[in-house]
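K.L.:
This is the structure I want to talk about, given as structure tokens.
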Amino acid sequence: MDVSFWQKDLETIERQPLKKLQLKLLRETVDFALKTPFYKSRLHKVAITSSDDIKSLEDLKKIPFTTKDDLREGYPYGHLAVDLGDVVRIHTSSGTTGIPTVIYHTKSDLDNWTDLVARSIVATGATKKDIFQNMMSYGLFTGGLGLHYGAERVGLTIIPAGPGNTKRQMQLMKDFRTTLIHITPSYLLHIGSKLEEFGFSLKDFVLKKAYCGAEPYSGNTRKKLEKSFGIDVYNSYGLSEMNGPGVSFECVNKCGMHTWEDAYIMEVIDPKTGKNLGEEKEGELVFTTLRRRATPILRYRTRDLAFIYKGTCRCKRTHRRISRITGRSDDMLIVNGVNVFPSQIEEVIMKIPEVGNNYQVYLEKEGALDKLTVKVEIYSKMFTGDLLQLDSLKEKIINELRAAIILTPAVELHEPGVLPVSEGKAKRVADNRQKI
Ligand code: ADP
Ligand code: ZN
């Protein structure tokens, strides 16, 4: 077996046969979707009553988008397309933006998902020799179990640590000689800031790689993590509605995330008009499941913003790559009329060398106006009592932010460990403008 691929034929399939396969799987998916009352009524309205009405991939455009609210309305069993007896597991989204959505899986659904994760792991160059500490949460959230089963299939040695208990994580990493971790980028930053306090140093570890995902993070945050730990950080994207991790993953070349297009049809649309934007233009990602039986989902609007790269990757995988997720279309902040994404702020501050591992974007009302404060932790060595030095650092951060976001924010400098930390998805924005 070629060790650098998991399912070589599928991963390197030419585009034309891939499209043919997509059409076949789309037609099957539509037939399964029609078994749910939700899609039956949706699709009948646009004159799709069986897969015979899908003659080419172009016909996908006839299908209306599915939103998170549509899925929520089906809670708890409204989107089930198979007998409940054939469902072997249920997962939900983490509920970052409200009531969670539920996804049911048959045995074959889980089997396919596991192969997608296995492919992703192998694409990063990991092998059965790796010791894999999974610091994502196990349970209804898909991050933990998703990577777990993929890693098990490839044969890695798994330490199912889950998140939290930072000191114990470090001890496990040291004692078992962990080479690979799966973790949110904010928690990895946090671990970096706690090493010394817990009596560890980088020399105690043999870490080589980290899979970071579940929340947006900037290219500069990746660089910072790679430099401070001396490792490779691979971006991993997924969402429970599309199984979880293993939707899009970076390969060894780290130049965008391959989306497994034999399992998902991927579109990028203008979030306002719904118009397809093709490649190289940033918009909202929309996915259609192709291999899922229990919960088929057609044209799901993720609200995640990214673009599709043009061209092929050196790794020979033919599946197209997406950029880093810059945020969700619904986490755009409007501050005194100006649109700001938290990711723009992160990109700026994380390239400033004095800035430490945590930050928070804080919004409040000041009279009729919005006040934006960026709270930044900086390294403790900066607190020497030299106030002039701190003032000039603050000025520098304000100026760089102003250039990027057009607004002039207030900036607060804090010592490490002061701002709230999260072991799961970070909550970077505190918006107190509605509160009295
Ligand atoms: P919820 O929507 O409740 O957060 P999920 O647990 O399914 O539910 O999380 C999926 C979401 O997490 C994605 O839609 C995306 O917004 C975010 N996400 C996952 N991986 C990444 C990543 N690598 N970069 C940025 N955001 C990510
Ligand atoms: Zn590649």
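K.L.:
Considering each of MET242, MET266 in turn, give the residue that is aliphatic (A, V, I, L, M), within 16 Å of ligand 2 (Cβ to nearest atom) and within 24 Å of GLY143 (Cβ to Cβ).
P.N.:
Numbers: MET242 fails: within 16 Å of ligand 2 (Cβ to nearest atom).
After applying the criteria, what remains is MET266.
K.L.:
Name the residue, out of ASP262, ASP304, ASP270, that is touching a residue at least 24 places away in the same chain (Cβ under 8 Å), away from ligand 1 (no atom under 15 Å from the Cβ) and assigned by TED's automatic domain parsing to the domain that holds TRP113. Spell out how you get there, then give the answer.
P.N.:
On the way: ASP304 fails: away from ligand 1 (no atom under 15 Å from the Cβ); ASP270 fails: touching a residue at least 24 places away in the same chain (Cβ under 8 Å).
Residue meeting the stated conditions: ASP262.
K.L.:
Of the residues ARG314, ARG321, ARG299, ARG292, which single one is within 15 Å of the chain's Cα centre (by Cα) and not hydroxyl-bearing (Ser, Thr, Tyr)? Explain how you work it out, then say what you get.
P.N.:
Values: ARG314 fails: within 15 Å of the chain's Cα centre (by Cα); ARG299 fails: within 15 Å of the chain's Cα centre (by Cα); ARG292 fails: within 15 Å of the chain's Cα centre (by Cα).
It is ARG321.
K.L.:
Which members of segment 208-219 meet the condition of being open to solvent by 20 Å² or more (accessible area, probe 1.4 Å), of a type in the set (Gly, Ala, Ser) and under 16 Å from ALA426 (Cβ atoms)? Outline the logic, then answer.
P.N.:
Let us first name the residues in segment 208-219 that are open to solvent by 20 Å² or more (accessible area, probe 1.4 Å), namely 208-209, 214-216, 219.
Filter once more, so that each one left must be of a type in the set (Gly, Ala, Ser): 214, 219.
Listed by number, the list holds a single entry, ALA214.
K.L.:
Going by the conditions given, is ARG291 in a strand (DSSP E or B) and either within 16 Å of ligand 1 (Cβ to nearest atom) or modelled with pLDDT of 95 or more (or both)?
P.N.:
Values: in a strand (DSSP E or B): no; either within 16 Å of ligand 1 (Cβ to nearest atom) or modelled with pLDDT of 95 or more (or both): yes.
Taking the combined requirement at face value, the residue does not satisfy it.
K.L.:
Does SER56 fit the bill of being over 19 Å from SER240 (Cβ atoms) and among the hydroxyl-bearing types (Ser, Thr, Tyr)? Explain how you work it out, then say what you get.
P.N.:
On the way: over 19 Å from SER240 (Cβ atoms): yes; among the hydroxyl-bearing types (Ser, Thr, Tyr): yes.
So SER56 fits the description; yes.
K.L.:
Return the pairs, sorted by first residue and then second, in which the second residue is polar (S, T, N, Q), the first residue lies in segment 4-16 and is surrounded by fewer than 16 Cβ atoms within 10 Å (Cβ to Cβ), the beta carbons are less than 9 Å apart, and the residues are 6+ apart or on different chains.
P.N.:
THR12/THR318; GLU14/THR318; ARG15/THR318
K.L.:
Hey, any hits in segment 193-209 for a residue that's free of Cβ contacts under 8 Å to residues at least 24 places away in the same chain, within 16 Å of ligand 1 (Cβ to nearest atom) and either assigned to a helix (DSSP H, G or I) or farther than 26 Å from LEU23 by Cβ (or both)?
P.N.:
no
A quick yes/no check of all residues on (1) out of contact with any Asp or Glu (no Cβ under 8 Å at 6 or more places or on another chain); (2) over 30 Å from ARG303 (Cα atoms); (3) β-branched (Val, Ile, Thr):
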{"residue": "LYS167", "(1), (2), (3)": "yes, yes, no"}
{"residue": "MET173", "(1), (2), (3)": "no, yes, no"}
{"residue": "THR178", "(1), (2), (3)": "yes, yes, yes"}
{"residue": "HIS182", "(1), (2), (3)": "yes, no, no"}
{"residue": "PHE200", "(1), (2), (3)": "yes, yes, no"}
{"residue": "LYS203", "(1), (2), (3)": "yes, yes, no"}
{"residue": "VAL206", "(1), (2), (3)": "yes, yes, yes"}
{"residue": "TYR211", "(1), (2), (3)": "yes, no, no"}
{"residue": "THR221", "(1), (2), (3)": "no, no, yes"}
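K.L.:
Starting from residues that are more than 26 Å from ARG328 (Cα to Cα), small (Gly, Ala, Ser) and part of a loop (DSSP other than H, G, I, E, B), keep the ones in segment 90-130 and report whichever is most open to solvent (accessible area, probe 1.4 Å).
P.N.:
Among residues in segment 90-130 that are more than 26 Å from ARG328 (Cα to Cα), small (Gly, Ala, Ser) and part of a loop (DSSP other than H, G, I, E, B), the one most open to solvent (accessible area, probe 1.4 Å) is GLY125.
K.L.:
For segment 306-315, check the following and say yes or no: at least one residue is in a strand (DSSP E or B) and open to solvent by 20 Å² or more (accessible area, probe 1.4 Å). Can you show your working first?
P.N.:
Looking only at segment 306-315, we keep the residues that are in a strand (DSSP E or B), and these are 306, 308.
Restricting the remaining residues to those that are open to solvent by 20 Å² or more (accessible area, probe 1.4 Å) gives none.
For segment 306-315, residues in a strand (DSSP E or B) and open to solvent by 20 Å² or more (accessible area, probe 1.4 Å): absent.
K.L.:
Moving to a separate point now. Scan segment 179-188 and tell me whether some residue there is touching a helix residue (DSSP H, G or I) at 6+ places or on another chain (Cβ under 6 Å), of a type in the set (Ser, Thr, Tyr) and open to solvent by less than 20 Å² (accessible area, probe 1.4 Å).
P.N.:
Within segment 179-188, not a single residue is touching a helix residue (DSSP H, G or I) at 6+ places or on another chain (Cβ under 6 Å), of a type in the set (Ser, Thr, Tyr) and open to solvent by less than 20 Å² (accessible area, probe 1.4 Å).
K.L.:
Quick one: is ARG222 within 11 Å of ligand 1 (Cβ to nearest atom) and either in a strand (DSSP E or B) or open to solvent by 10 Å² or more (accessible area, probe 1.4 Å) (or both)? Break it down stepwise before answering.
P.N.:
Details: within 11 Å of ligand 1 (Cβ to nearest atom): yes; either in a strand (DSSP E or B) or open to solvent by 10 Å² or more (accessible area, probe 1.4 Å) (or both): yes.
Answer is yes for this residue.
K.L.:
Just to check your reading of the model, which residue among ILE325, ILE352 is in contact with a helix residue (DSSP H, G or I) (Cβ under 9 Å, 6 or more places away or on another chain), assigned to a loop (DSSP other than H, G, I, E, B) and either among the acidic types (Asp, Glu) or open to solvent by less than 20 Å² (accessible area, probe 1.4 Å) (or both)? Steps first, answer last, please.
P.N.:
Numbers: ILE325 fails: either among the acidic types (Asp, Glu) or open to solvent by less than 20 Å² (accessible area, probe 1.4 Å) (or both).
Answer to the selection: ILE352.
K.L.:
Taking the residues in segment 244-263 that are charged (D, E, K, R) and assigned to a loop (DSSP other than H, G, I, E, B) as candidates, determine which candidate is surrounded by the fewest Cβ atoms within 10 Å (Cβ to Cβ).
P.N.:
Looking only at segment 244-263, we keep the residues that are charged (D, E, K, R), and these are 250, 254, 261-262.
When the remaining residues are screened for being assigned to a loop (DSSP other than H, G, I, E, B), the result is 254, 261-262.
Values: LYS254: 14, GLU261: 21, ASP262: 21.
Ranking the candidates gives LYS254 first.
K.L.:
I need a count of the residues in segment 400-416 that are surrounded by 13 or more Cβ atoms within 10 Å (Cβ to Cβ) and in a helix (DSSP H, G or I).
P.N.:
Matching residues across segment 400-416 total 5.
K.L.:
Look through VAL268, VAL233 and report the one residue that is assigned to a strand (DSSP E or B), aliphatic (A, V, I, L, M) and within 24 Å of GLN16 (Cβ to Cβ). Give the derivation first.
P.N.:
Values: VAL233 fails: within 24 Å of GLN16 (Cβ to Cβ).
Result of the check over VAL268, VAL233: VAL268.
K.L.:
Checking ILE334 against (1) open to solvent by 40 Å² or more (accessible area, probe 1.4 Å); (2) away from ligand 2 (no atom under 16 Å from the Cβ); (3) out of contact with any Leu (no Cβ under 7 Å at 6 or more places or on another chain); (4) not in a strand (DSSP E or B): exactly one of these is not met. Which one?
P.N.:
(4)
The values are calculated or read from the model by the stated rules, or taken from the named source; none is laboratory data. Since we're looking at a predicted model, the values are computed, not measured. All Cβ positions, even for glycine, are placed from backbone atoms using ideal geometry, and neighbour counts span all protein chains on display. With ligands, DNA and RNA removed, areas are computed over all heavy atoms of the protein, side chains included. Shrake-Rupley method; radii C 1.70, N 1.55, O 1.52, S 1.80 Å.
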